[in-house]
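Participant: One structure follows; several queries about it will come next.
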Amino acid sequence: MNPGGLYLSAAEIPLSRLYICMAGVFFAAAMVWVYTLMKHSVFKIHWLMAALAFTKSTSLVFHSINYYFINTEGKAMEGWAVMYYITHLLKGALLFITLALIGTGWAFVKYILSDKEKKIFMIVIPLQVLANVAYIIIESTEEGTSEYYLWKEILFLVDLICCGAILFPVVWSIRHLQEASSTDGKAAMNLEKLKLFRHYYVMIVCYIYFTRIIAILLKVTMPFQWQWCYEFLVEVSTLIFFVLTGYKFRPASNNPYLQLPQDEEDVEMDEVVTESGALEGISKVKKTSNGRERQKESTL
C-alpha cells in the first residue's frame, strides 16, 4: 500500500480518472454521430460505426471502475473486470470489422464482398480474438511470471499481423477505383473516391504507427510518474481517428462516397429525343437517377 491508502503505482493512479473522462468524450462523440445519422439517409455501416463508438465508451467506463477498485481495495472486483473484458473484446472485434468493411468499400462502392475480402475477415477476426485473450491473460498475470512475457509477445505479434492485414482491403479498393476510373465514363467521381480512399489509407497507417510504435517509444523515454501519458496519447489518437473517419464517411449530399452514379448516355438521349419532334408518340425507356428502376413515359 502506498501512502494515502492507495495500491496503484504513481504511473497508474491517474488512469481511473483518465478512462472515465475519455469515456465521456467518446459517448458525446457517439451522440453527435447518431444525431447526424437521424437527419440523413444512411447505410447500415453508419450504425455499425455508432455501435463501435458506444462500445468503446462502455469499455472505458468499466476499465475506469476496474482501476478504481484496484487502487482502493488492492484487487479487482471480478464482476467489473469480466464486464470490462467482454466490452474490450467486442470493441476490438467491431473496430477491425468496421475498418475492413470501410476499406473494402462495402455499401459505399459495392454491396458484395469478394472471396479474397471474405478471407481477410476469416483471418483477422480469429486473430483479434486471440489478441484479446492474450490481453486478458496479461492483465490477470503478475509481471514476474514467465507466462506474462510469452503472452505479451504473442499479443504484440498478433496485433501487428491484424493491423497489417487490415490494410489489404483498402489497397484493393484503391486498385479497383483506379481501374474503374480508366474504363468507364464516370472518371471524375471515381477519382474523388480514389483520393478519399488514399487519405483513409494514410490515416490507418498513421494510427497504427503512432499507437503501436511511437507511443510505446514515448512511454519508454518518459519519467516513471508520467507514463500514464502513454494511455492518454493512445486514447486521444483513437478519438481523432474515429472523428476523422466519421467526417470522411459522413452521410451528406456532397460526400463523394454517397453520390449515386448518373447514367450519362441516358441523359444525352433524353435531350436528343426532346429536341427533335420526329419521334412523337413513341414510348421510350428511361433509367431513374439510381440506375435500378425503369419507367415508361411518353415523349411529347
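The values are calculated or read from the model by the stated rules, or taken from the named source; none is laboratory data. It should be emphasised that the depicted structure is a prediction, and the values quoted were computed from it without experimental measurement. Please note: Cβ atoms are built from the backbone with ideal geometry, for glycine as well, and neighbour counts cover all protein chains shown. What goes into the accessible areas is simple: the full protein's heavy atoms, side chains included, and nothing from ligands, DNA or RNA. Shrake-Rupley method; radii C 1.70, N 1.55, O 1.52, S 1.80 Å.
Participant: Output the qualifying pairs, or none if there are none: Cβ atoms under 7 angstrom, residues six or more apart or on different chains, first residue in the stretch 211-229 and closer than 20 Å to PHE241 by Cα, second residue in a loop (DSSP other than H, G, I, E, B) and open to solvent by less than 60 Å² (accessible area, probe 1.4 Å).
Facilitator: Correct list of pairs: CYS229/MET222.
Participant: Quick one: which of VAL25, VAL34, VAL82 is out of contact with any Gly (no Cβ under 9 Å at 6 or more places or on another chain), of a type in the set (Val, Ile, Thr), modelled with pLDDT of 90 or more and under 26 Å from TRP226 (Cβ atoms)?
Facilitator: On inspection, the qualifying residue turns out to be VAL25.
Participant: I need a count of the residues in the stretch 114-169 that are aliphatic (A, V, I, L, M), within 21 Å of SER59 (Cα to Cα) and open to solvent by 90 Å² or more (accessible area, probe 1.4 Å).
Facilitator: Residues that pass the stated criteria total 0.
Participant: Take the conditions farther than 22 Å from PHE26 by Cα, modelled with pLDDT under 85, of a type in the set (Lys, Arg) and part of a helix (DSSP H, G or I) and apply them to ARG198. Does it pass?
Facilitator: no
Participant: May I ask you to verify whether LYS75 is open to solvent by less than 40 Å² (accessible area, probe 1.4 Å) and among the charged types (D, E, K, R)?
Facilitator: It is false that LYS75 is open to solvent by less than 40 Å² (accessible area, probe 1.4 Å) and among the charged types (D, E, K, R).
Participant: Something else: Taking the stated definitions as given, is ILE20 farther than 22 Å from LEU127 by Cβ, open to solvent by 40 Å² or more (accessible area, probe 1.4 Å) and modelled with pLDDT of 95 or more?
Facilitator: Yes; evaluated as a whole, the condition is true for this residue.
Participant: Right, next: Looking at the stretch 69-82, I want the residues that are under 11 Å from LEU8 (Cβ atoms) and in contact (Cβ under 8 Å) with a residue 12 or more places away in the chain and have a partner that is hydroxyl-bearing (Ser, Thr, Tyr) and surrounded by 13 or more Cβ atoms within 10 Å (Cβ to Cβ) with Cβ atoms under 6 Å, at least 6 apart or on another chain. Which pairs are those?
Facilitator: ASN71/TYR7; GLY74/TYR7
Participant: Within the group TYR230, TYR247, which residue is within 20 Å of THR98 (Cα to Cα), hydroxyl-bearing (Ser, Thr, Tyr), at pLDDT 90 or above and not in a strand (DSSP E or B)?
Facilitator: Step by step, each of TYR230, TYR247 is checked, and only TYR247 is within 20 Å of THR98 (Cα to Cα), hydroxyl-bearing (Ser, Thr, Tyr), at pLDDT 90 or above and not in a strand (DSSP E or B).
Participant: So PHE43 ticks every box in (1) among the hydrophobic types (A, V, I, L, M, F, W, C); (2) open to solvent by 40 Å² or more (accessible area, probe 1.4 Å); (3) free of Cβ contacts under 8 Å to residues at least 40 places away in the same chain but one. Which box is left unticked?
Facilitator: Of (1) among the hydrophobic types (A, V, I, L, M, F, W, C); (2) open to solvent by 40 Å² or more (accessible area, probe 1.4 Å); (3) free of Cβ contacts under 8 Å to residues at least 40 places away in the same chain, only one is false for PHE43: (3).
Participant: Still on this structure, I have one more. Note down all Cβ pairs under 7 Å where the first residue falls in the stretch 84-101 and is within 30 Å of ILE70 (Cα to Cα), the second is small (Gly, Ala, Ser) and surrounded by fewer than 20 Cβ atoms within 10 Å (Cβ to Cβ), and they're at least six residues apart or on different chains.
Facilitator: Qualifying pairs under 7 Å: LEU94/ALA51.
Participant: Ok, one more. Just the residues that are within 18 Å of PHE168 (Cβ to Cβ) and either among the polar types (S, T, N, Q) or open to solvent by 50 Å² or more (accessible area, probe 1.4 Å) (or both), please, taken from the stretch 193-244.
Facilitator: Matches in the stretch 193-244: ARG198, HIS199, TYR201, VAL202, CYS206, TYR209.
Participant: May I pose another question? Is it the case, given these coordinates, that GLY164 is closer than 24 Å to TYR19 by Cα and outside any loop (DSSP other than H, G, I, E, B)?
Facilitator: On the way: closer than 24 Å to TYR19 by Cα: no; outside any loop (DSSP other than H, G, I, E, B): yes.
Against the criterion (closer than 24 Å to TYR19 by Cα and outside any loop (DSSP other than H, G, I, E, B)), GLY164 does not qualify.
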